[in-house]
Amino acid sequence: MNNWEKNVRKVVPYTPGEQPSDEKMIKLNTNENPYPPAPGVQKVLQEMDGRDLRLYPDPSIHVLTKAIADSYGLDTNQVFVGVGSDDVLAMSFLAFFNSDKPVLFPDITYSFYDVWADLFRIPYRCPELDEEFCICKEDYLVENGGIVIANPNAPTGVEMELSDLEEIISANPSSVVIVDEAYVDFGARSALGLIEKYDNLLVVQTFSKSRSLAGMRIGFACGNPTLIRYLLDVKYSINSYTMNSAAIAAGAEAMKDWDYFREHCEKIVVTREWTKEKLGELGFSFPDSSTNFIFAKHERVPAAELFAALRDAHIYVRHFDRPRISEYLRITIGTREQMETFIAFLEKYLSSKDHPEKSMEA
Ligand SMILES: *Cc1c(COP(=O)(O)O)cnc(C)c1O
């Protein structure tokens, strides 16, 4: 080891899902939206004048912050915008988790939380989900330095009752409770309505899934103006211009088109319910999902085998080789047509295992 290496801030980073360059692929591995963003996004990007890029963007991100605030009936001082919710969450960890007591989040959840905690030297503890992958609210009614709950949870897809979540928030007035609602738009109940009531609640959402803008990197947090002020202080201590001009303009357009948004979320929900039915018929079991993915396990065939077989057929899903979940595949909901191809492949693959005399090539 070099002399300087002992002073390096070492961290085991998060591993994002792969972005393969496979033209034939059906990509069901990173919970992206299969539909394009609202038409206004394309229009505003086309109308951008590249020469204007010589200017710094608006550091207050006003146009986008206002579009979000107006959409949810909030004031702009209750909204913080960042480079994807990953950026918003990282800044929130840095701003709000500064205690010697452990921050609490479930053992099975978004696997970026422990990475940020390690990076920022935040102590944490991970209460176990129950056998049905549900969060036990009692685990969060103890002393702590902060709480993070993804609702619905990832990668399980399981939604926690809003009343249980509210109990956790109200029982912890000395901690900031972050609710990560990356998937809330696919049929779950949002905690946004509680931010007026609880000054310790920060609700984080993203444009990456329900608004089809993963490539633009836009996320936001809503909370009491004092919480938002502290977040802005951290942001302005790292980088004044987090959001680029294109993202600000495109995000505002996406947020304004509620008809397009609702219609496409509904399509995904309908396709999800169809996929659940088909997966059930094929011998998969899964916790009920209120997200744009299904976390499923087959009754006989190991997840690693299915993952590899699907991949050979250019269908990408996600497999987490971790304790308690290594037998599950996380399957993003694509278009109806993509899911039909996915299900048809599974039907053929599973039946060729039951009747090996019939070749897969037949
Ligand atoms: C996708 C996801 C995020 C991050 O999304 P961004 O693309 O960074 O906005 C955050 N939390 C959970 C639970 C997610 O699944």
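Values for this structure:
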| item | result |
| --- | --- |
| Residue list for region 74-104, filter: part of a loop (DSSP other than H, G, I, E, B), over 19 Å from Asn31 (Cβ atoms) and under 21 Å from the mean Cα position of the chain (by Cα) | Phe97 |
| Hey, Ile135 more than 15 Å from the ligand (Cβ to nearest atom), without any contact (Cβ under 8 Å) to a residue 40 or more places away in the chain and of a type in the set (A, V, I, L, M, F, W, C) or not | no |
| Some residue of region 205-219 being away from the ligand (no atom under 16 Å from the Cβ) and closer than 21 Å to Ser290 by Cβ | no |
| Every residue from region 324-362 that is charged (D, E, K, R), in a helix (DSSP H, G or I) and modelled with pLDDT of 95 or more | Arg336, Glu337, Glu340, Glu347, Lys348 |
| Residues of region 151-209 that turn out to be within 13 Å of the chain's Cα centre (by Cα) and in a helix (DSSP H, G or I), as a count | 3 |
| Selection count where residues are away from the ligand (no atom under 16 Å from the Cβ) and of a type outside the set (Ser, Thr, Tyr), scope region 149-188 | 11 |
| Test: residue in region 235-258 that is within 16 Å of the ligand (Cβ to nearest atom) and among the aromatic types (Phe, Trp, Tyr) | no |
| Criterion violated by Asp52 - all others in (1) among the acidic types (Asp, Glu); (2) open to solvent by 80 Å² or more (accessible area, probe 1.4 Å); (3) in a loop (DSSP other than H, G, I, E, B) satisfied | (3) |
| Of residues in region 228-245 being open to solvent by 20 Å² or more (accessible area, probe 1.4 Å) and in a helix (DSSP H, G or I), the one nearest to Met48 (Cα to Cα) | Ser245 |
| Selected residue (criterion: least open to solvent (accessible area, probe 1.4 Å)) from residues of region 24-41 that are away from the ligand (no atom under 16 Å from the Cβ), more than 16 Å from Trp258 (Cα to Cα) and outside any strand (DSSP E or B) | Met25 |
| Selection status of Asp321, touching a residue at least 40 places away in the same chain (Cβ under 8 Å) and either closer than 30 Å to Leu94 by Cβ or part of a loop (DSSP other than H, G, I, E, B) (or both) | no |
| Check on Ser60, assigned to a loop (DSSP other than H, G, I, E, B), surrounded by 12 or more Cβ atoms within 10 Å (Cβ to Cβ) and without any contact (Cβ under 8 Å) to a residue 60 or more places away in the chain | yes |
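Quick grid of which residues meet (1) in contact with a strand residue (DSSP E or B) (Cβ under 6 Å, 6 or more places away or on another chain); (2) away from the ligand (no atom under 13 Å from the Cβ):
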position	(1), (2)
Ser85	yes, no
Ser99	no, yes
Thr109	yes, no
Asn144	yes, yes
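The values are calculated or read from the model by the stated rules, or taken from the named source; none is laboratory data. No experiment lies behind these values; they were computed from the predicted model shown. Here the Cβ is made from the backbone with ideal geometry for all residues, glycine too, and neighbour counts use every protein chain on show. In case anyone asks, the SASA skips ligands and DNA or RNA and just uses the protein heavy atoms, side chains included. Shrake-Rupley method; radii C 1.70, N 1.55, O 1.52, S 1.80 Å.
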